[in-house]
Amino acid sequence: MPLNISVSFWPEIAHFPLLSTLTLVPILAMIGVCYTASKTQTLSVAFLGAIVNVLLSFYLLSVFDVNKEGIQLAEYVDFLGFHYRVGIDGVSILFIPLAAILTLLALIYTLITRHITDKGFIASLLGYQTVLIGAFSALNVMQFWLWTLIELIPVIYLTLHAGTGKNRQSLVSLLMQYWGVGLLMTFVGFLVLGLGMTDNQMGSNFDWLTLIQNNNHLHHHVLIFVLLFYGFAVRMPLFPFHGWLPVLAEQGTVASTAIFMVGMKLGVYAVIRFILPLVPLVAEQWANFVILLGIISIFYGALLALMQINIRRLLAFAVISQTGMLVIGLFAFNEQGLEGSILLSLTYGLATAGMLFSVGLIYERTRTAFIPRLGGLFDSNTFIGLLFLISALSTMVMPGTPGFDAAHLLLEGTIQAQGWWLAVTILVGNVLATAFLLWAFQRLFIVNTKRAVVPHDSLHHPILCERLIAVVISLLLIGTGFDTTPLLNFIDKKAASISHSYPQRYPS
């Protein structure tokens, strides 16, 4: 069933084209960083751009009308055959502030690391933020694809230039293999999607709203689903398309990987944006297969995480396990499952970034990420330990964290769609997640030290910066956890709108 989506343009809500401004600010800051003459100027320009975008993202939340279910703050520009289309709704709005906040925290993290004087590194972080905001606000399918292609540039640069592994060249080669195939599949899928409108006397069209409102005229639905789902599954990442993530987490840089936690949610977002509303009948037909992949991902990721001795690889497999749960919620084909998956994606993005920051701060002190070489760090690194613990509890969907309400919604949707057996399966997987994260916390922070930790040096590890990162992420997780209603208010209308277009397979 085609969706009838209302569109509100930016002059109706804001005083300036807000989404384009959010995209341009980090670009201008990135250019400014490249031309600065000193470390002080570099940091000033970078932090100015990041802080401005955080404030703009808060303004974005304030002007967004939670009582409307359509696209808001839309901007349409046609120039030399290119159709620039941006806008936000309940699916995308919360990811933009998350990207802005994590970029600012990543810059604060660089004050603690050796990258404080690296203009290329700082510029790449800002460029990455531009890519994320551009992708989450794109309403042209090829525009979205172009942003995901450009994303390779900062990821590869940060990996080669600032990664901690010794085999970064092979990592980039592996990344190009996975992402290259995924991008190719997505590109072909979008081409088939846009060119499928030709017999509707509209010619080729890649405007998302036009495709949504005329999806009953689309052809090759199965081909579109397979191509797009494959490409997005690589980005999530979902088993068996996950092979690049553990290697990137182990050998990449913590600051970029923390922001990348939001970037990986582009895969989940893309399924909601481009698959579920455009080819819902085919998605429903493939639901059981996708749910099977989700179940495998949950247990495969959890079991592999329990086997890791490198804490970064452990967190990577934790993300793979989490992805399985998110996908099951999406393919429950009801409002509760969709709301739960969106809110859980945000929680996982922030919480996993928190654990990565804490692991990175440990690495800066000890120069190791191997769990057997660490231990007894809580007394001397209390804030770092609390950051890891609170973030871990959030991913374990404990009460008092936003993940609790999100998981409750997801399980409710799963029970409605598939019955209790699948909900129990998810809960068993969550018990395994609890096991490996608490096990990691115990071995890192509680048990006796396996070797002498590098002495703390306040010159190289500013305590204020570390505490600021820990406090901000912990407050965001705890503050939203006790009352998720404000977050759900942003999501509710859009989730209800999308769910109304689903095939009526399950009783309401």
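The values are calculated or read from the model by the stated rules, or taken from the named source; none is laboratory data. What you see is a predicted model; the values in this text were computed from it and never measured. With ideal geometry, Cβ positions are generated from the backbone for all residues, glycine too; neighbour counts draw on all protein chains shown.
All conditions but one from (1) more than 30 Å from Thr113 (Cα to Cα); (2) surrounded by fewer than 24 Cβ atoms within 10 Å (Cβ to Cβ); (3) in contact (Cβ under 8 Å) with a residue 12 or more places away in the chain apply to Met264; the one that does not is (1). Against the definition (part of a helix (DSSP H, G or I), under 27 Å from Gln336 (Cβ atoms) and aliphatic (A, V, I, L, M)), how does Leu60 come out, yes or no? Spelling it out, Leu60 is indeed part of a helix (DSSP H, G or I), under 27 Å from Gln336 (Cβ atoms) and aliphatic (A, V, I, L, M).
Within the range 345-355, can one find any residue that is part of a helix (DSSP H, G or I), at pLDDT below 85, touching a Ser or Thr at 6+ places or on another chain (Cβ under 8 Å) and not small (Gly, Ala, Ser)? Scanning the range 345-355, I find no residue that is part of a helix (DSSP H, G or I), at pLDDT below 85, touching a Ser or Thr at 6+ places or on another chain (Cβ under 8 Å) and not small (Gly, Ala, Ser), so the answer is no.
Out of the range 139-158, which residues are surrounded by 24 or more Cβ atoms within 10 Å (Cβ to Cβ) and part of a helix (DSSP H, G or I)? Walk me through it before giving the result.
From the range 139-158, those surrounded by 24 or more Cβ atoms within 10 Å (Cβ to Cβ) are 139, 141, 144, 148, 154, 158; that's our starting set.
Once the filter is applied, which keeps residues that are surrounded by 24 or more Cβ atoms within 10 Å (Cβ to Cβ) and part of a helix (DSSP H, G or I), the range 139-158 yields Val141, Phe144, Thr148, Pro154, Leu158.
If only one of Thr36, Thr21, Thr42 is at pLDDT below 90 and outside any loop (DSSP other than H, G, I, E, B), which one is it? Even if it seems obvious, please write down each step before you answer.
Working: Thr36 fails: outside any loop (DSSP other than H, G, I, E, B); Thr21 fails: at pLDDT below 90.
The conditions single out Thr42.
On the basis of being surrounded by fewer than 24 Cβ atoms within 10 Å (Cβ to Cβ), in contact (Cβ under 8 Å) with a residue 40 or more places away in the chain and part of a loop (DSSP other than H, G, I, E, B), does Phe383 make the cut? It is false that Phe383 is surrounded by fewer than 24 Cβ atoms within 10 Å (Cβ to Cβ), in contact (Cβ under 8 Å) with a residue 40 or more places away in the chain and part of a loop (DSSP other than H, G, I, E, B).
Pick out the one residue from Leu304, Leu338, Leu315 that is at pLDDT 85 or above, aliphatic (A, V, I, L, M) and surrounded by fewer than 21 Cβ atoms within 10 Å (Cβ to Cβ).
On the way: Leu338 fails: surrounded by fewer than 21 Cβ atoms within 10 Å (Cβ to Cβ); Leu315 fails: surrounded by fewer than 21 Cβ atoms within 10 Å (Cβ to Cβ).
Every option except Leu304 fails the conditions.
Tallying residues that are in contact with a Phe, Trp or Tyr (Cβ under 8 Å, 6 or more places away or on another chain) and either among the acidic types (Asp, Glu) or not in a helix (DSSP H, G or I) (or both) within the range 94-138 yields 2. Close contacts from the range 16-29, counting a first residue that is farther than 12 Å from Gly87 by Cα and a second that is of a type in the set (Phe, Trp, Tyr), with Cβ to Cβ under 9 Å and a gap of 6+ residues or different chains, come to Phe16/Trp10; Pro26/Tyr128; Ala29/Phe47. Test Ala406 against the criterion of being touching a residue at least 40 places away in the same chain (Cβ under 8 Å), of a type in the set (A, V, I, L, M, F, W, C) and either part of a helix (DSSP H, G or I) or under 24 Å from Ile478 (Cβ atoms) (or both), and give yes or no. So Ala406 fits the description; yes.
Among Asp65, Asp78, which is the only one that is assigned to a loop (DSSP other than H, G, I, E, B) and without any contact (Cβ under 8 Å) to a residue 60 or more places away in the chain?
None of the others qualify; the one that does is Asp65.
The set of residues in the range 43-96 that are surrounded by fewer than 20 Cβ atoms within 10 Å (Cβ to Cβ), of a type in the set (Gly, Ala, Ser) and closer than 19 Å to Ile5 by Cβ contains only Gly70.
Residues Leu105, Leu146: which one is at pLDDT 90 or above and over 24 Å from Leu346 (Cβ atoms)? Explain how you work it out, then say what you get.
On the way: Leu105 fails: over 24 Å from Leu346 (Cβ atoms).
Exactly one of Leu105, Leu146 is at pLDDT 90 or above and over 24 Å from Leu346 (Cβ atoms), namely Leu146.
In the range 312-320, is there at least one residue being among the hydrophobic types (A, V, I, L, M, F, W, C), in contact with a His (Cβ under 9 Å, 6 or more places away or on another chain) and under 19 Å from Leu98 (Cα atoms)? Looking for residues that are among the hydrophobic types (A, V, I, L, M, F, W, C), in contact with a His (Cβ under 9 Å, 6 or more places away or on another chain) and under 19 Å from Leu98 (Cα atoms), one finds at least one in the range 312-320, hence yes.
Looking at the range 288-338, which of its residues are touching a helix residue (DSSP H, G or I) at 6+ places or on another chain (Cβ under 8 Å), closer than 22 Å to Ser391 by Cβ and not in a helix (DSSP H, G or I)? Matches in the range 288-338: Gln308, Ile309, Asn310.
Can you confirm whether Ile446 is crowded, with 17+ Cβ neighbours inside 10 Å and of a type outside the set (Gly, Ala, Ser)?
Numbers: crowded, with 17+ Cβ neighbours inside 10 Å: no; of a type outside the set (Gly, Ala, Ser): yes.
For Ile446, the condition - crowded, with 17+ Cβ neighbours inside 10 Å and of a type outside the set (Gly, Ala, Ser) - is not met.
Of the residues making up the range 459-484, those that are more than 19 Å from the chain's Cα centre (by Cα), at pLDDT 85 or above and not charged (D, E, K, R) are Leu468, Ala470, Val471, Leu475, Ile478, Gly479. Of the set (1) of a type in the set (A, V, I, L, M, F, W, C); (2) crowded, with 23+ Cβ neighbours inside 10 Å; (3) farther than 25 Å from Val141 by Cβ, all apply to Ala283 but (3).
In the set Val254, Val222, only one residue is under 22 Å from the mean Cα position of the chain (by Cα) and among the aliphatic types (A, V, I, L, M); that residue is Val254.
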